[in-house]
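Remarks on the structure that follows.
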Amino acid sequence: MPPEQPTGATRTFPIVPTSTYRLQMSADFTFDDAAAQVEYLHRLGVSHAYLSPILQAAPGSAHGYDVIDHGRISAELGGEAGLRRLVDALHARGMGMIVDVVPNHMGMPVPETGNQALWSVLRDGPDSPYAAWFDIDWTAQEGSVLLPVLGQRIGQCVQAGELRVDETGDSPVLRYFDHVFPLRPGTEHLPLAELLDAQHYRLAHWRVAAEEPGYRRFFDITTLIAVRMEDPAVFEATHRLLLDLVADGSLDGLRIDHPDGLADPRGYLRRLAETTGGCWTVVEKILTSPDVLPADWPCAGTTGYDALRAITSLLVDPAGAQQLVALYHGLTGQNAEFGEIAWQAKLDVVDQVLQAELDRLTGLLTKICHDSLELRDHTTAGLHEALRILLALCPVYRAYTVPGEPAPDLSVALLTAAAEQACAILPAERRDTVMLVRDLALGLVGPRDQVRDEFQTRFQQTCGPVLAKGIEDTAFYRWPALPTATEVGGDPAEPALSTAGFHRYCSVVQNSHPTAMTALSTHDTKRSEDMRARLAVLAELPQEWAAAVAGWQAAPGLTAPELALPAGPDGWGAQTGPGGSNGHQSDGTRPDSAVEYLAWETVVGCWPIDVERLTEYLVKAVREAKLETSWTSPSKEYEAAVERFAAAVLADPQVLAGVEAFVDRIAPFAEVNTLSQKLIQLTMVGVPDVYQGTEAQFLALVDPDNRRPADFAALSALLDLADDDAASASPASVVDAPASAPAAGSSAELAFAKMRLVSRTLRLRREHPTWFSADATQSPLLAMGRASDHVVAYLRGEHVAVVATRLPVGLAHTGGWRDTALSLPDGKWRCQLTGNSYESVERGGSVLLAELLRFSPVALLVREDQP
């Protein structure tokens, strides 16, 4: 059933998608390219195309999150005309469109003329009509904007003649290679040193950004400048085009990027709901274990990282996960405790990456204390120390406090617990200072004023970057012991989830945000869904995995003299940097053992993989880990060693044969995980998103690997095959193998089975949207028998039953389903995937799982005799 289409200027919201399909837009995949795939998406069963950002981004942008003009549709994507053609193609098929919105920041392009709002601020400073747009600390640089763009110190740039005034255009400008900066009127003829001092900006070496305040960045990316979306005028100016597209029926929903960076995300979402009439809106919100989405944020829910974590954890054996951690320690000698790794990583990020943000917050605290006689003896050093530790201990991406309002009980509890931990770490004389910082962060210290409000707001805006950079972009790369848990939104402390836990999670979502998005892969996931499904098998075969890795490490081709490294000035293994406490060491001949272990996981998880992809990933991983090398201080020697090791791995015949044999060994179980998690994601409470290409087998690493263009011609041909009744019934299909001990199938067979599952499930959702709507309950189905722990099953309303296999290795070891039965409401049921029909014996009767899952590890049952 197609989504409701608007008539005239009045629309009825929300229009809730039955499913979305994420498309990564770029100059290589434009609106017209997307329009060419509308027919395929319709055949697949999708109700809404879900596009990455569509506004004008920086020249050459590969992602669109660096918007430079909110008033234009991206010319590289096809402009407004191209967008209209795509919308028309979608509407002709009764489909709609969702777009990614970037409210937190704008791009700083090269040349800088591309962002005219920022250009105006650089030219006219605080007097610019756009000065209120950007989150700039005008007091930090004597009234100037810090621009850390120089390749060396500014004095060296001047001496080298790299900075010059150009008066050939309509107005004089300052040039630095490809960079172009406006000149403050009347300063163009000053001597260069005076001219530089006279501008409303301060040019500086790029390394200065991490150490001196200037403007709020998106995390540590200096080319993304934060926008003050809390200003109603800024909201209106930056959202007018998108709001018009919502009003005229071009857009049915919005995905909000990084709301935690906003000064007032609740206020932003309220304004968005008011101006759009309440269109379906989801937020890119990562919820850690103690975190929940605030009930007063008017949105449909998150973009699905919490669902991803629940589904992935459901497939992980808890005892095996513990063994994997022990095996990682035994094989590598590395620290086995993720908590210690995470703690050090967050401290490293606070001290090195976010030092400027820490100093800005400390300055606000110092002013608050200086202006109050009762607080004056809290020193700057003490405030800095207390703030540093408290930020590193904060367990959530935001405290959700609003200046002038009582802090939520959960926020008080979480920050109080963090403060108590900080007090246990710091000297006793710092306790009062720690508690003061906590109270100011919660808005508990009065009287309220502008500085206190600013600190309370900026503290929250800094919590997110500390967690994201410290955990996701550092600790997860330092600790590869549990690859299924070191994922965006993942928690290595709780890597596994029981079926009961999964049902509890779904119940919470059903009662709070039943139309939130669900996801298994995104453009930001560290590993794609199918790669995680394969690696989840390791927790069921930990001893076999340990033996395989030990054998590969000892392969003759990996101990060759040509892998030797030149000794560094301090000698690798000394670990004079921040990573020393983590125990990462290189033996002087090859990368440290943690990196080698990560390489083995990557090769197996992404097999088959070529040298280029493996090398690119491993170099990114070691840079993100920030131990022997980093993005800001790359070690050519160490990275060369990593590259040589990757090449040696994929050049050794013994290793390749062993890897292929191991992948074949776990393939049947990985296939079960792949199909089970996909069916669960597509049918559980919420609106499922299919990331481009994941309707077939999709083995991908972190970006840019996961943003490779999808082969829609191949996908369309595969869908043709999946729709061929004869092919669907072919015994060669992987779904025809018994789920208890499925035969190894080729990747082509898995792709076929997954395509058939995705298309038939999405079509069912589109044809019967009420069966999966917010009002359609999700209730567990009870399994009885010795293999009951290996099935997850539930009803959606009265019409659909979902059955999926979990922990397939353990299932095979117990002898299969045997007498295990599933309670199923009385009636006739037909599986959408196999076409087989089943009838429960009597009301409240049951069906043997051995019969129900004979030809497939999953079943999507639709009641034929509808009540």
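Restrict the check to region 283-299 and report whether at least one residue is at pLDDT 95 or above, crowded, with 24+ Cβ neighbours inside 10 Å and farther than 16 Å from R398 by Cβ.
Looking through region 283-299, none of the residues is at pLDDT 95 or above, crowded, with 24+ Cβ neighbours inside 10 Å and farther than 16 Å from R398 by Cβ.
How many residues does region 324-364 contain that are within 14 Å of W479 (Cα to Cα) and aliphatic (A, V, I, L, M)?
Of the residues in region 324-364, the ones within 14 Å of W479 (Cα to Cα) are 324-346.
Subset that is aliphatic (A, V, I, L, M): 324-327, 331, 336, 341-342, 345.
Count: 9.
Kindly list the number of the only condition in (1) over 30 Å from T683 (Cα atoms); (2) buried (at least 21 other Cβ atoms within 10 Å of the Cβ) that fails for A547.
Of (1) over 30 Å from T683 (Cα atoms); (2) buried (at least 21 other Cβ atoms within 10 Å of the Cβ), only one is false for A547: (2).
Here are the criteria: (1) open to solvent by less than 10 Å² (accessible area, probe 1.4 Å); (2) within 17 Å of L195 (Cα to Cα); (3) not in a helix (DSSP H, G or I). Tell me which single one I98 does not satisfy.
For I98, the exception is condition (2).
Within region 757-801, track down each residue that is open to solvent by less than 20 Å² (accessible area, probe 1.4 Å) and of a type in the set (F, W, Y).
If the condition is that a residue be open to solvent by less than 20 Å² (accessible area, probe 1.4 Å) and of a type in the set (F, W, Y), then F772, Y794 are the ones that fit.
With the checklist (1) at pLDDT 95 or above; (2) in contact with a Pro (Cβ under 9 Å, 6 or more places away or on another chain) in hand, flag the one item A641 doesn't pass.
(1)
Which residue is farthest from R766 (Cα to Cα), if the candidates are limited to region 815-838 and must be open to solvent by 40 Å² or more (accessible area, probe 1.4 Å) and touching a Lys or Arg at 6+ places or on another chain (Cβ under 6 Å)?
So the residue we want is D826.
Tell me whether region 588-597 contains one or more residues that are crowded, with 24+ Cβ neighbours inside 10 Å, of a type in the set (K, R) and either outside any helix (DSSP H, G or I) or under 22 Å from the mean Cα position of the chain (by Cα) (or both).
no
When the residues of region 520-561 are filtered to those that are among the β-branched types (V, I, T) and in a helix (DSSP H, G or I), which remaining residue is farthest from V603 (Cα to Cα)? Let's see the steps before the verdict.
Step one: of region 520-561, the residues among the β-branched types (V, I, T) are 522, 525, 537, 549, 559.
Narrowing the set further to residues that are in a helix (DSSP H, G or I) leaves 537, 549.
Numbers: V537: 15, V549: 11 Å.
Across region 520-561, the extreme among qualifying residues is V537.
On the given criteria, is D723 in contact (Cβ under 8 Å) with a residue 12 or more places away in the chain and within 19 Å of R763 (Cα to Cα)? Can you show your working first?
On the way: in contact (Cβ under 8 Å) with a residue 12 or more places away in the chain: yes; within 19 Å of R763 (Cα to Cα): yes.
Here the answer is yes, as D723 does meet what is asked.
Just to confirm my filter: which helices (runs of 4 or more DSSP H) fall fully inside region 184-280 and include at least 2 residues that are at pLDDT 95 or above, closer than 16 Å to V67 by Cβ and open to solvent by less than 40 Å² (accessible area, probe 1.4 Å)? Walk me through how you get there before you give the answer.
Details: elements: 192-197, 232-247, 265-276.
It comes to 232-247.
Which of the residues that make up region 372-391 are among the small types (G, A, S), out of contact with any Lys or Arg (no Cβ under 7 Å at 6 or more places or on another chain) and open to solvent by less than 60 Å² (accessible area, probe 1.4 Å)? First the steps, then the outcome.
Filtering region 372-391 down to residues among the small types (G, A, S) leaves 372, 381-382, 386.
The next check asks that each one be out of contact with any Lys or Arg (no Cβ under 7 Å at 6 or more places or on another chain); those that pass are 372, 381.
Of everything in region 372-391, just one residue is among the small types (G, A, S), out of contact with any Lys or Arg (no Cβ under 7 Å at 6 or more places or on another chain) and open to solvent by less than 60 Å² (accessible area, probe 1.4 Å), namely S372.
Please go through region 367-394 and pick out each residue that is among the polar types (S, T, N, Q) and part of a helix (DSSP H, G or I). Talk me through it step by step, then tell me what you get.
First pass over region 367-394, keeping only residues among the polar types (S, T, N, Q): 372, 379-380.
Across region 367-394, the qualifying residue is only T380.
Can you tell me which residue among L122, L83, L90, L147 is in a helix (DSSP H, G or I), under 29 Å from Q461 (Cα atoms), in contact with a strand residue (DSSP E or B) (Cβ under 7 Å, 6 or more places away or on another chain) and open to solvent by less than 40 Å² (accessible area, probe 1.4 Å)?
L122
What is the residue count in region 486-514 for residues that are closer than 30 Å to Y328 by Cα, of a type in the set (S, T, N, Q) and over 21 Å from the mean Cα position of the chain (by Cα)?
Matching residues across region 486-514 total 2.
Which of the residues that make up region 98-130 are closer than 17 Å to V67 by Cα and among the hydrophobic types (A, V, I, L, M, F, W, C)? Working first, answer last.
Applying the first criterion (closer than 17 Å to V67 by Cα) to region 98-130 yields 99-121, 130.
The answer is V99, V101, V102, M106, M108, V110, A117, L118, W119, V121.
I need the full set of residues from region 625-669 which are of a type in the set (D, E) and either at positive phi or open to solvent by less than 20 Å² (accessible area, probe 1.4 Å) (or both), in order please.
Taking region 625-669 and keeping what is of a type in the set (D, E), we get 628, 637, 639, 643, 652, 660, 664.
Of everything in region 625-669, those that are of a type in the set (D, E) and either at positive phi or open to solvent by less than 20 Å² (accessible area, probe 1.4 Å) (or both) turn out to be E639, D652.
The rows are residues; the columns are (1) in contact with a Phe, Trp or Tyr (Cβ under 7 Å, 6 or more places away or on another chain); (2) at pLDDT below 95.
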| position | (1), (2) |
| --- | --- |
| A131 | no, no |
| Q141 | no, yes |
| V158 | no, no |
| E162 | yes, no |
| V165 | no, no |
| R175 | no, no |
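Can you tell me which residue among Q334, Q323, Q344 is surrounded by fewer than 24 Cβ atoms within 10 Å (Cβ to Cβ), touching a Pro at 6+ places or on another chain (Cβ under 8 Å) and closer than 17 Å to Y597 by Cβ?
Working: Q334 fails: touching a Pro at 6+ places or on another chain (Cβ under 8 Å); Q344 fails: closer than 17 Å to Y597 by Cβ.
Sole residue among the options that is surrounded by fewer than 24 Cβ atoms within 10 Å (Cβ to Cβ), touching a Pro at 6+ places or on another chain (Cβ under 8 Å) and closer than 17 Å to Y597 by Cβ: Q323.
Could you tell me which residue of region 171-183 is surrounded by the fewest Cβ atoms within 10 Å (Cβ to Cβ), considering only residues that are free of Cβ contacts under 8 Å to residues at least 60 places away in the same chain and not in a loop (DSSP other than H, G, I, E, B)? I'd like the intermediate steps shown before the answer.
Of region 171-183, the ones free of Cβ contacts under 8 Å to residues at least 60 places away in the same chain are 171-177.
Narrowing the set further to residues that are not in a loop (DSSP other than H, G, I, E, B) leaves 173-176.
Numbers: V173: 22, L174: 23, R175: 14, Y176: 18.
Checking each candidate, the answer is R175.
If you take the residues in region 21-76 that are among the acidic types (D, E) and assigned to a loop (DSSP other than H, G, I, E, B), which one is nearest to F134 (Cα to Cα)?
Taking region 21-76 first, the residues among the acidic types (D, E) are 28, 32-33, 39, 66, 69, 76.
Those still in the list that are assigned to a loop (DSSP other than H, G, I, E, B) too: 28, 66, 76.
Working: D28: 31, D66: 14, E76: 25 Å.
Here the answer is D66.
In region 353-400, what count of residues is obtained for those that are of a type in the set (K, R), in contact (Cβ under 8 Å) with a residue 60 or more places away in the chain and closer than 26 Å to A342 by Cα? It would help to see each step written out before you state the result.
Filtering region 353-400 for residues of a type in the set (K, R) gives 360, 367, 376, 388, 398.
Still in the running and in contact (Cβ under 8 Å) with a residue 60 or more places away in the chain: 360, 367, 398.
Pick out the ones that are also closer than 26 Å to A342 by Cα and you get 360, 398.
Adding up the residues that qualify gives 2.
The values are calculated or read from the model by the stated rules, or taken from the named source; none is laboratory data. Computed from a prediction, not measured in an experiment: that's the story for all the values here. Every residue, glycine among them, receives a Cβ derived from its backbone with ideal geometry; neighbour counts consider all protein chains shown. We work out accessible area using only protein heavy atoms, side chains counted, and drop any ligands, DNA or RNA first. Shrake-Rupley method; radii C 1.70, N 1.55, O 1.52, S 1.80 Å.
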